[in-house]
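Data first, discussion second: the structure below is written as structure tokens.
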Amino acid sequence: NMSKFNIELSSVPDRENLVAEIWYEKKMVAEINKETEKFVIEFCLDGKISFMLDEFLEVLENAKRRILER
């Protein structure tokens with residue numbers, strides 16, 4: 001159940017390509033970009049947050065796939 005997660009593809013001013021923003025509840029927790037030939041993930045956290053690892057890995061794979069489909 002990924003109902004607490006949301007993936008938004010965005011065009012942001014400091015990136016040449018689209019990024020996948022990963023939101024958990026109402027907080028952006030990570031951004032995935034592919035500015036080079038490899039994917040990069042940046043975490044956007046102040047403080048501690050926890051969620052199920054398998055669920056998060058599934059969200060990451062989904063975000064990566066969505067970037068590749070564009």
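Of the residues making up the stretch 17-27, those that are touching a strand residue (DSSP E or B) at 6+ places or on another chain (Cβ under 7 Å) and modelled with pLDDT under 95 number 3.
Listed conditions (1) in contact with a Lys or Arg (Cβ under 6 Å, 6 or more places away or on another chain); (2) more than 14 Å from residue 7 (Cα to Cα); (3) among the charged types (D, E, K, R) are all met by residue 38, apart from (1).
Going by the structure shown, is residue 61 modelled with pLDDT of 95 or more and open to solvent by 100 Å² or more (accessible area, probe 1.4 Å)? Spell out the reasoning first.
Numbers: modelled with pLDDT of 95 or more: yes; open to solvent by 100 Å² or more (accessible area, probe 1.4 Å): yes.
In short, yes.
Restricting attention to the stretch 16-57, the residues that are more than 17 Å from residue 69 (Cα to Cα), among the basic types (Lys, Arg) and within 14 Å of the chain's Cα centre (by Cα) add up to 2.
The values are calculated or read from the model by the stated rules, or taken from the named source; none is laboratory data. Note that the coordinates shown come from a computational prediction; the quantities given were computed from them, not determined experimentally. Reconstructed Cβ throughout: ideal geometry from the backbone, glycine too, with neighbour counts over all protein chains shown. Quick note on the areas: whole protein, heavy atoms, side chains included, nothing else; ligands and nucleic acids left out. Shrake-Rupley method; radii C 1.70, N 1.55, O 1.52, S 1.80 Å.
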